[in-house]
C-alpha cells in the first residue's frame, strides 16, 4: 500500500497576509481540506494505475504505466506543495496582490475549442464536465460562498473567480500535473477523474464549513444556505420512516434549519417530545459538569446493553435526577438547552433504530453510540449545525459502511463488523469529555474503509469488464449468425463447406469482430471470403470464369490458413479442413473442365479459338491440387458431392452466455406496467435489498447496466456479482416486492430530516 505523502506545513504556502482575517481563515480551512483529499488521491491513484498496468495490452503500455506510478510517488510532495501554493496565489489574487495571475478560464467559444490541440481540448472538456456535476449538486452552497466572499471584498465575485470553485480547483491540480512532468493525456484524464472522486465530490462539505466561518464572523447573516450537500440524493419515497413521507418543502428546508429553530419546534410541543415525568416547576438545573458525569455513568453502565431505545436514555436520566431530588432538599432538573439536545438526540436515535436501511445487527451496534453522541451534543450544539463535525461525520460514515452489510455475513470473520464493534467499544470505554477522540477514530475508520472500498472497487471493475466483454461476445455471435444465415439459408451446398463455416470460420469471425469491429477491413474481408468460398465450390461456374477461379483458390487457402492461425484452431483440424476443401475445389475444376469439353464438342468451329484463348486450367494451383485434379481428370465419372439443404437457421458452437431467459406467459407484464418505469429509473450505484425464496435477504448494489444486452448487474459490498436481471425480470422483482431500493443518503441527515419533518407536521395539526 502506498504511504501517504509527507505533510506539508500550511505556513509554507500562506500568501494571505493582505487578505482580510476572515478570508485568511477560509483559506486555511480550504488548504487543510485540499491537503487531506490529495493524500487520499495519491493512495487511490497508486492502486488505479497498478490495475491499469495489469490490464495493459502491450509491454510498452505496461512499462509506461509503471513509470507513471513511480513518478507519481516521487512527485507527491511537489504536487502537494504546488497545489497548495497555487491555492494561496488564487486567494492572493482576491486581495489584488500584484504579480499573481488568476487561474485560466474555460473557453466556451466553439471555434476556439476547434483550434486547440486535441490533448488540451480533452482536458478542458473533462474539467467542464467535472465542474458541471459539482454545480448540479452544490450550486446553492457555492453561490452563498460567492456572495459572502464578495461582500468581504466589496465587489461581486463570480463563481469562476472563486478560488474554491470547482473549475479553479481543477485547474490548480492540472497545472501542478503539467509542471511536474505528467504529459500523457490518458494518465492525466485518469488523475483528473480521481481528483473529482476524492476532492470535488466533497466540495459541499468545504462550502458548508466556509459559509459557517463567514457566518460566525457576521458576514451576511440574513443569507440562507444549506448546511451541507447531500450525497446521492434519492427521489423515491422514504421507506424507513413510519410516519408520512416528507413534503418537498420539508426536504428543502431541512438543511437550512439551525439548532435554535429546532429548539423552537421542540418547545412548541414539549409535552409531546419531552418524556420527562419528573419536571418540577422550581427545579434547579444541574451543572454541565454534573450532567456530563451523569451521562458518563450511564455510558459505562450501558456498555453491555444491546437493546437501548432512543427514549430509554431520557428515562434513565430522569430516574437518576428524581432519586437525587428525593435525597436533597432541592429538586434537580436538566437545563432547557441540554434538555432540548437530549430530546433531539433521542428522536434521532429512535429513527436510527427504526431505519429499514440499516441491517439489524449493525443497527443495534450503532444504536449503542447514543450516549456518546448525546454528550457531544450537550457540549457543542454545532453538532447539529455543522456537517463537518467529527462525531456527526463518524455516524454518517458508519451508516454508509453498514449499507451493504447483509445479515448472512459472519460477524466473527467480517472485518467491517469487527472494526465497527471496536469503534463502539472504544467510545463507550474511553470517551469522557474530550471530543478529539471522534476526530482520531474518524480518521482511522475512513482510512480502513477507504482501503476496503478500493479493494471492492477493483473486484467490481473486473466484474463490469467481464460482463461488458460477455455482452460484446453475445452481440458478435448474433451478428455472425445473421451473416451466415443470410448467405447460407435456403441454399443447397456441400456439407463440408457448411460445417467449415459454421464450426470453424465462425470462430475467426468472432475474433475479428471483437478485435477490429464491423467497420474494419478484417471483418469485411472475412465476410467476403464466405462469398468467395460459396462461389468457388459451386457447380455452376461459367467457363469464362476459369481464370478468376485459378487465381482465387490459392488466395482462399492462404486466407483460411491465416484466419485459423489467428483463432488458434488445432493445426491437425486445420489440415483436415483444408484437405476437404481441396476436394471441393478439385471437383469444381473438374466440373468446369467437363463443361469446357462439352462446349468444344457441341461447337467444333470454336474449339481452336477456345484452346488458344483459355489459359491452362491448372496453372497457379498448389501442387497437391494440381495432382489431385489430374487424377480426377482421367476418371470418366466424378465422385458425388455430399450436399445438404440449409433449411433451418444455423447455430454457432458453444453457449450464448448472458442470453436473456425466456419469460413464461405468467411472468409477462403489460408494456405500460408501472413496474417498468421503476426498473428504468434505477441508476448504477444504488443499493437494494433482495428477498430470497428461503426468507433471507441480501444487500446488493447496481454496478452496471449493460445496454447492449439490457442486463442489470448487481454486486455485493465486496464487489462480487450476486444478481443478474433483464428489464422484465427487474420489473417483476419490483412488482412482487422482492427487491427494495435502499435510501443511501447520509444517516444523520436522513434522521434529522425525518425528525424535523415530523415536528413541522405536528405544528400544522
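Read-outs throughout are calculated quantities, based only on the coordinates presented, and are distinct from any laboratory measurement. Since we're looking at a predicted model, the values are computed, not measured. A quick note on method: Cβ atoms are made from the backbone with ideal geometry, for glycine too, and the neighbour counts reach across all protein chains shown.
Brief remarks follow.
- Label-point gap, in nm, between residue 707 and residue 180 - each point 7 angstrom along Cα→Cβ: 3.4
- Using alpha carbons only: equivalent-ellipsoid semi-axes of the range 523-599, gyration tensor based, whole Å: 26, 14, 8
- Quarter of the Cα convex hull surface for the range 123-190, i.e. its orientation-mean projected area (nm²): 5.1
- Relative to the current alpha-carbon distance between residue 503 and residue 66, full extension at 0.36 nm per residue lengthens the span by 153.2 nm.
- Both radii were evaluated on the Cα set of the range 444-528; the Rg over Rh quotient, with Rh as the Kirkwood radius, amounts to 1.31.
- For 258, 536, the sequence from fewest to most other C-beta atoms within 10 Å is 258, 536.
- The range 462-503 and the range 322-400: distance between their alpha carbon centers, rounded to Å: 64
- Translational diffusion coefficient of the range 676-743 (Stokes-Einstein, Kirkwood radius from Cα pairs, 20 °C, 1.002 mPa s): 180 µm²/s.
- Pairs of Cα atoms nearer than 8 Å and 6+ residues apart set the relative contact order; for the range 668-741 it is 31 percent.
- With Cα atoms defining each centre, the range 689-765 and the range 515-552 are spaced 54 Å apart in the structure.
- Kirkwood hydrodynamic radius of the range 10-216, from inverse mean 1/r over distinct Cα pairs, in Å: 17.8
- The packing ranking, built from the mean of other Cβ atoms within 10 Å per residue, places the peptides 56-68, 33-45 in the order 33-45, 56-68, highest first.
- R0 of 22 Å, Cβ-Cβ distance residue 119-residue 515: FRET efficiency to nearest 0.05: 0.25
- For the range 429-491, the fraction of alpha-carbon pairs lying more than 13 Å apart is 76 percent, rounded to a whole number.
- Full extension of the segment from residue 425 to residue 319, taken as 0.36 nm per residue of separation minus the current Cα-Cα distance, would add 35.6 nm.
- Available extension along the chain between residue 21 and residue 562 is 187.3 nm, counting 0.36 nm per residue and deducting the alpha carbon span.
- Sorted by Cβ density within 10 Å, fewest first, the residues 447, 473: 447, 473
- When each of the peptides 69-82, 177-190 is scored by how many other beta carbons lie within 10 Å of its residues on average, the order from highest to lowest is 69-82, 177-190.
- Estimated FRET transfer efficiency when R0 is 51 angstrom, pair residue 223-residue 466 (beta carbons, to 0.05): 0.50
- Mean Cβ count within 10 Å, highest first, over the residues of peptides 119-132, 713-726, 672-685, 745-758: 745-758, 713-726, 119-132, 672-685
- For the range 10-216, the relative contact order comes to 30 percent (Cα pairs under 8 Å, sequence separation of at least 6).
- Exposure proxy for 438, 50: other Cβ atoms within 10 Å of each Cβ, ordered fewest to most, give 50, 438.
- Point-to-point label distance, residue 570-residue 287, nm (Cα→Cβ direction, 7 Å offset): 9.2
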